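Here the structure is laid out as structure tokens; the discussion comes afterwards.
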Amino acid sequence: MNDTAITSSVSVPGKRDSSLMRRIAKNRSIYLMILPGFLYFAIFKYIPMSGLVIALQDYQPYLGITGSPWVGLKHFERLFNDPMFFTILRNTLFLFTMNLVIYFPVPILIAVMLNEVRHHLFKRFVQTLIYIPHFMSWVIIVSISFVMLSMDRGLINEVFSMMGLEKINFLMSNEWFRPMYILQVIWREAGWGTIIYLAAMAAIDPQLYEASRMDGANRFRQIWHITLPSIRSVIVVLLILKIGDVLELGFEHIFLLLNSMNREVAEIFDTYVYTAGLKQGQFSFSTAVGFFKSVVGLVLIMAANWLAKKAGEEGVY
Amino acid sequence: MLQDKSIGSRLFDGINYTFLFLVSLVTVLPFINVIAGSFTTVTELAQKQFVFFPTVWSLDAYRYIFSTNVIFKSLGVSISITLVGTVFSMVLTALMAYGLSRKDLVGRSPIMFMVLFTMLFSGGLIPTFLVVKSMGLVDSYAALIIPNAINAFNLIIMRNFFQNIPEGLEESAKIDGCSNWGILLRIVIPLSMPAIATISLFYAVTYWNTYFQAIIYLNDPAKWPVQVILRQIVILASGLTADTSGFADDFVRPPEQTVKMAVIVVATLPILLVYPFLQKHFAKGALLGSIKG
């Protein structure tokens, strides 16, 4: 007992190193297990991060990163002077705000209502149905919307014409793009989004509800004073994550909805990067666009996390 | 538990149940409409506007889409990618998650940080594309699997699950002379079946839904998975774009509504089939690791 205390308090550099080496050597097989995953992250996540330097070059595929000429901030200057930049920024921020203000509360509302259901069968029935769309690809969700919204034989327009209303070209209009976008987001994700809130609510002590009932609280008061405060930290965590996703508005989703008629409201950073980069081959310029996007996202998530901690919540990291 | 039986409370229940029932209905009606529409005739669809249960059953739409091998082929591609990709992703994820669950591992936290950071920041589309291209993966199915082999979120869920397995079990196995591989294969994996089932299904769904990767990395239409074909037939053929390049000849003419619906059903069916299994597992599995209390 005493011996070990003494040896560990006396620092013998060589000895500590060898014990470290021994610990590493002992776990050789564990390192071997981690290796493929480690290589995956290094190659497909970290090498592309270092590839961001091509935003500062006039990248030529045949010259490569080492051979392409350096041009400083040329591409960023071009981006900030591009009138398209403000359209994209406006669209991105608009859709982001819609996500935050319109979509975000919906799963909370549904989860609160589901939490009040006492019939287990009914609860399971609702949950089973509302989770389904989450597992469908955006191609399927958008395809179903197209079939239902098209001018020609689309369900919604057929109903409109039956009621003597004018048909609306939802798919090719500036005005209908945003409502259509957010409704599709809600349709696909709101049900699935209830899962975490429901789990948090399952952890609430039932005695709290009983005590409040003794004090004469009705159902609304119970929701307001017990359910919602109990899931506050979960709401905050998910809100931070959502803010960090500011520029991840569902690339596939918007890409599928985008057409020449709604470009003015639908073009976002990601679709612009795809068109300018992969379609037109402007690698350096579109990397600069993507770089700008990634940095803004990182700054926002850090700011949101900082704010959450200031407000006495745990934050995500 | 004490039940609140007041009038206000009953009214609340009534409104609540109605609300939730309507939410469920609105969620699934579009699917029902499409499934029913795919099994009816073009004329019935034209006469009745909305069909939730066809009066005239017809397999014409399916006969049409399977009259060429475009759909068959793309289904084959999607099924292969899903099977191979899921196994590949699970092996990589489970191995790394197990390694990172070992608290005695030197360098564990820097590696964890390396993983977490990728969730906050990324090199973006173009640099990633250039890496995939320089590895010679373009136009191969490997491009749909390898560059997205591990999902950081799934990895963390698995690691947390592994960490919750009592250490005593592993220690006693070690004393009995079990190697690290033995512990993983004979103790950790068998005890983690709910998590493994859940994450496998998450990966399978992702691979089945692969679409954008295919657009970027596969130039040859003959190699496209079913999601890309679906987009060609339903979204592009709606006359919204002039981009009909790479179209299979049979689909140049804008297809009938029933045909579009049938293609949607075919691209959706596999998920609808695994969904009951999915449903059984994910509530149990995914939540265990995802968020603390």
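Out of the residues in segment A:258-275 that are open to solvent by less than 30 Å² (accessible area, probe 1.4 Å) and more than 9 Å from chain B (Cβ to nearest Cβ), state the one that is farthest from residue A:170 (Cα to Cα). Break it down stepwise before answering.
So in segment A:258-275, the residues open to solvent by less than 30 Å² (accessible area, probe 1.4 Å) come out as A:258-259, A:262, A:265-271, A:273-274.
Next cut, more than 9 Å from chain B (Cβ to nearest Cβ) only: A:258, A:262, A:265-269, A:271.
Working: A:258: 12, A:262: 10, A:265: 13, A:266: 13, A:267: 17, A:268: 19, A:269: 23, A:271: 20 Å.
Per the stated criteria, the residue is A:269.
Across segment A:295-317, the qualifying residues are those that are open to solvent by less than 50 Å² (accessible area, probe 1.4 Å) and assigned to a helix (DSSP H, G or I), and the one among them that is nearest to residue A:58 (Cα to Cα) is A:296. Reported count of residues in segment A:242-294, each being within 20 Å of residue A:146 (Cα to Cα), touching a Phe, Trp or Tyr at 6+ places or on another chain (Cβ under 6 Å) and in a loop (DSSP other than H, G, I, E, B), is 1.
Within segment A:261-285, the set of residues being in contact (Cβ under 8 Å) with a residue 60 or more places away in the chain and either out of contact with any Asp or Glu (no Cβ under 7 Å at 6 or more places or on another chain) or within 16 Å of residue A:91 (Cα to Cα) (or both) comprises A:261, A:262, A:264, A:265, A:266, A:267, A:268, A:269, A:272, A:283, A:285. Applying the criterion of being of a type in the set (D, E, K, R) and over 19 Å from residue B:42 (Cβ atoms) to the residues of segment A:142-171, the residue that is farthest from the chain's Cα centre (by Cα) is A:166.
Among the criteria (1) open to solvent by 50 Å² or more (accessible area, probe 1.4 Å); (2) at pLDDT below 95, the one residue B:161 does not fulfil is (1).
Of the set (1) within 27 Å of residue B:214 (Cβ to Cβ); (2) in a loop (DSSP other than H, G, I, E, B); (3) hydrophobic (A, V, I, L, M, F, W, C), all apply to residue B:201 but (2). Inspect segment B:113-126 for any residue being more than 7 Å from chain A (Cβ to nearest Cβ) and either over 25 Å from the mean Cα position of the chain (by Cα) or assigned to a loop (DSSP other than H, G, I, E, B) (or both) and give the result as yes or no. Yes - at least one qualifying residue is present in segment B:113-126.
Would it be correct to say that residue A:85 is open to solvent by 20 Å² or more (accessible area, probe 1.4 Å), at pLDDT below 95 and among the aromatic types (Phe, Trp, Tyr)?
On the way: open to solvent by 20 Å² or more (accessible area, probe 1.4 Å): no; at pLDDT below 95: yes; among the aromatic types (Phe, Trp, Tyr): yes.
So residue A:85 fails the test.
Find the helices (runs of 4 or more DSSP H) located wholly in segment A:103-166 whose residues include 2 or more that are open to solvent by 40 Å² or more (accessible area, probe 1.4 Å), and list them. Talk me through it step by step, then tell me what you get.
Values: elements: A:105-115, A:120-131, A:138-149, A:155-162.
Result: A:105-115, A:120-131, A:155-162.
Looking at segment B:94-109, can you tell me whether even one residue there is open to solvent by 30 Å² or more (accessible area, probe 1.4 Å) and in a helix (DSSP H, G or I)? Yes, segment B:94-109 has at least one match. Across segment A:48-75, what is the number of residues that are within 14 Å of chain B (Cβ to nearest Cβ) and aromatic (Phe, Trp, Tyr)? Qualifying residue count, segment A:48-75: 2. Within segment B:30-63, restricting attention to residues that are farther than 24 Å from residue A:160 by Cα and of a type in the set (D, E, K, R), the residue that is farthest from the other protein chains (Cβ to nearest Cβ) is B:63. When residue B:183 is tested against the conditions (1) within 14 Å of chain A (Cβ to nearest Cβ); (2) assigned to a loop (DSSP other than H, G, I, E, B); (3) of a type in the set (A, V, I, L, M); (4) over 21 Å from residue B:86 (Cα atoms), the lone failure is (2).
Taking first residues from segment A:174-193 that are more than 27 Å from residue B:278 (Cβ to Cβ) and partners that are surrounded by fewer than 18 Cβ atoms within 10 Å (Cβ to Cβ), the Cβ contacts under 8 Å between residues at least 6 apart in sequence or on separate chains come to A:174/A:261; A:174/A:264; A:176/A:168; A:176/A:169; A:178/A:94; A:178/A:98. Counting only residues that are open to solvent by 70 Å² or more (accessible area, probe 1.4 Å) and over 19 Å from residue B:92 (Cα atoms), segment B:164-204 holds 8 of them.
Among the residues of segment A:54-82, the ones that are open to solvent by less than 50 Å² (accessible area, probe 1.4 Å), part of a helix (DSSP H, G or I) and in contact (Cβ under 8 Å) with a residue 12 or more places away in the chain come to 5 in all. The single condition from (1) more than 27 Å from residue B:86 (Cβ to Cβ); (2) modelled with pLDDT of 85 or more that residue B:219 fails is (1).
Inside segment B:127-151, residues that are surrounded by fewer than 16 Cβ atoms within 10 Å (Cβ to Cβ), within 11 Å of chain A (Cβ to nearest Cβ) and among the small types (Gly, Ala, Ser) make up a count of 1.
The values are calculated or read from the model by the stated rules, or taken from the named source; none is laboratory data. These numbers were taken from a predicted model, which means no experiment stands behind them. Don't worry about glycine lacking a Cβ; one is built from the backbone with ideal geometry, like all the others, and counts go over all protein chains shown. In case anyone asks, the SASA skips ligands and DNA or RNA and just uses the protein heavy atoms, side chains included. Shrake-Rupley method; radii C 1.70, N 1.55, O 1.52, S 1.80 Å.
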